[in-house]
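Visitor: Once you've had a glance at the structure underneath, I'll fire off some questions.
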Amino acid sequence: MYYPHDFHRVKGELYCEQVPVERIARAVGTPCYLYSRKTIVEHLRKLRGAFRALRPLICFSVKANADLAILRLVVRQGAGLDIVSGGELYKALQVGCPPQRIVYASVGKRPDEIEAALRRGIFCFNVESAPELEEIDRIAGRMGRVARVELRINPDVRARTHRHITTGTAESKFGIDRATAVQLLKDHAAFGGIRFIGLHLHIGSQITEAAPFIEAIRRSGEVLTQGR
C-alpha cells in the first residue's frame, strides 16, 4: 500500500516508519514532536524529480520549522534554506547551509540584517518593494558588493484558498505591482549595487489547483518582456 508519509497503523497501532509511536513516547516522554526522516527525504526527492529539467535549487522555509535537526537534514540532502530574519540566517549557517544556497525573503529586513547577509554572500534577496530595493542598493554600494535580487511580483491572481492566506491579489499588502516592477526593471542601470536575477512569486498557501500558478507565471512573464 502507498502512503504519502511514513506514519501508518499496523494492527491498529500507530507507527512512525518501522517504530511504534508508543515505544517512542515511553522512551522520551510526552508531549514531544516526532518527525519521519524518511518522509522528509522522500518528499524532497519527489520535488527534485518533478522539476529535474530545470535543475532547481529547492529551499526549505526556516519559518515553517526551525528545528535544527530538521534544517540540518534538508541541508545535508542538498536543499537550500529560505530565511526571513538575521536570526534565521544565524541558524542556517549553524547547520552548515552554504551561503550560496540561502534565499532571504520577508517584508521587514533591517539594515544590519541586509549587511550581514551581504557579508556572508547569500544567493539572493527576494525584494518586496521599491524602497527595500533602494535600501539594499545603498548598503551594497557602501560595502562594495553587488546584491543578487529577485523582485516579488504581485500578479493580481486570485486563488481558491482561504482569504487570510491569499497573497497574490491587488488587495494584498505583499509584493510589487506589475507596473512598478516593469519600471524598476527598466531603470536597472540606476542600481549600481543590484543585479536582477529573476522574479519571485507567492500567491498563497494550501492551493490545490495549477491554474492560478500558471496565470501568475504568465503575468510575470509579461513583466519581464515589458521591463527589457
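Visitor: Check which residues have an amide H placed less than 5 Å from residue 148's amide H, if you skip close sequence neighbours.
Guide: Placed amide hydrogens put 125, 195 under 5 Å from residue 148.
Visitor: Same structure, new question: Within the chain, what whole-number % of the accessible surface is contributed by carbon and sulfur, with the 1.4 Å probe and all protein chains included in the calculation?
Guide: Values: 7310 of 13630 Å².
That fraction is 54 percent.
Visitor: Same structure again: Over the C-alpha atoms of the range 103-144, what are the Rg and the largest Cα-to-Cα span, Dmax, in Å?
Guide: 9.3, 24
Visitor: On to the next question. Can you list residues whose amide H is under 5 Å from residue 60's amide H, if they're 5+ apart or on another chain and H is modeled 1.01 Å from N?
Guide: It is 80, 81, 82, by chain and number.
Visitor: For the chain, what is the accessible area per residue in Å² when the probe is 1.4 Å? Kindly include the intermediate steps, with their values, before the conclusion.
Guide: Numbers: 13630 Å² over 228 residues.
On a per-residue basis, 60 Å².
Visitor: So, counting K/R as plus one and D/E as minus one, what does the shell of residues with Cβ under 12 Å around residue 197 add up to? Present the calculation step by step, with values, prior to reporting the outcome.
Guide: On the way: positive: 148, 195; negative: 150.
My count for the surroundings of residue 197 gives +1.
Visitor: What 222 nm value per residue comes from the helices of the chain, counting each DSSP H run with n ≥ 4 as -39,500 (n - 2.57) and dividing by all residues, nearest 500 deg cm²/dmol? Spell out each step's value before the answer.
Guide: On the way: 8 runs with 89 residues, N = 228.
Result for the chain, helices only: -12000 deg cm²/dmol.
Visitor: Sum up the lysine pairs in the chain that clear both bars: alpha-carbon distance under 24 Å and a spacing of 8 or more or different chains.
Guide: Value for the chain: 11.
Visitor: Nearest 10 degrees, 0 to 90: what angle lies between the long axis of helix 211-226 and the longest principal axis of the chain (Cα atoms)?
Guide: 30
Visitor: Oh, and also: Give the label of the value calculated from the structure for log10 I(q)/I(0) by the Debye sum over Cα atoms at q = 0.07, 0.12, 0.17 Å⁻¹, choosing from [x] -0.28, -0.77, -1.31; [y] -0.21, -0.64, -1.33; [z] -0.27, -0.68, -1.17.
Guide: Here the calculated entry is [x].
Visitor: Highest mean first, how do 62-74, 116-128, 173-185 rank when packing is the count of other Cβ atoms within 10 Å averaged over residues? Numbers along the way, then the final one.
Guide: Working: 62-74: 15.6, 116-128: 20.3, 173-185: 17.7.
Taking the mean over residues of other Cβ atoms within 10 Å, the ranking is 116-128, 173-185, 62-74.
The values are calculated or read from the model by the stated rules, or taken from the named source; none is laboratory data. Computed from a predicted model, the values in this text were never measured in an experiment. Quick reminder, even Gly has a Cβ in these numbers, built from the backbone with ideal geometry, and neighbours come from all protein chains shown. Each accessible area value is taken on the protein alone, full model and side chains, heavy atoms only, with ligands, DNA and RNA left out. Shrake-Rupley method; radii C 1.70, N 1.55, O 1.52, S 1.80 Å.
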